[in-house]
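Nothing in this text is a laboratory measurement; each read-out follows from the coordinates by a stated rule. Note that this is a predicted model, so its numbers are computed, not measured. Note that each Cβ is placed from the backbone with ideal geometry, even for glycine, and that neighbours are counted across all protein chains shown.
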């Protein structure tokens, strides 16, 4: 099961000089994806227990369009192991003019992560055979 979010980073997302977006903003997207996956899988938002790996590959700036995807790769009785990837798909081109943007031929991977979420047994509303 997979989920996807695509959105534009705003100037409110910029945290550092040069309109650089804080890496924690990408992790927030991964949290939203995990919540959607748990709702679809278990009928409950569950809880993020841990991120066991986070790697950043490229900077993200205000104006960039980010596509973040996540997938449940294994399930235990209450745990759900997930992987995530965020890619830059559109970039602003202020060198051309203030409204110019380019759709990238090849998305740029900006972050990858993996982690575990938990949905307590008494909160799971879907029968495992339905999944």
Worksheet item: Spin-label point model (7 Å from Cα, Cβ direction): what's the residue 77 to residue 103 distance in nm?
Response: 4.9
Response to the item:
Exposure-ranked with fewest Cβ neighbours within 10 Å first, 99, 35 stand as 99, 35
Worksheet, complete the sentence: Most fluctuating of 107, 94, 120 in the GNM of the chain (C-alpha, under 10 Å) is 94
Worksheet entry | Nearest-0.05 FRET efficiency for residue 16 and residue 47, computed from C-beta distance (R0 35 Å) | 0.75
Response to the item:
Each label sits 7 Å from Cα toward the beta-carbon; between residue 8 and residue 126 the label points are separated, in nm, by 3.3
Worksheet item: For the chain, modelled as a GNM with alpha-carbon contacts under 10 angstrom, which of 14, 68, 24 fluctuates the most?
Response: 24
Worksheet item: Roughly what angle does helix 23-42 make with the longest principal axis of the chain, taking Cα atoms, 0 to 90 degrees, to the nearest 10?
Response: 30
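Rounded to whole Å and ordered largest first, report the semi-axes of the equivalent ellipsoid of region 2-130 derived from its Cα gyration tensor (root of 5λ).
33, 13, 12
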Worksheet item: Which residue, 77, 97, 41, has the most motion in a Gaussian network model of the chain that connects Cα atoms within less than 10 Å?
Response: 97
Practice prompt. Determine the relative contact order of region 1-55: mean sequence separation of Cα pairs under 8 Å and six or more apart, normalised by residue count, in whole percent.
Written response: 27
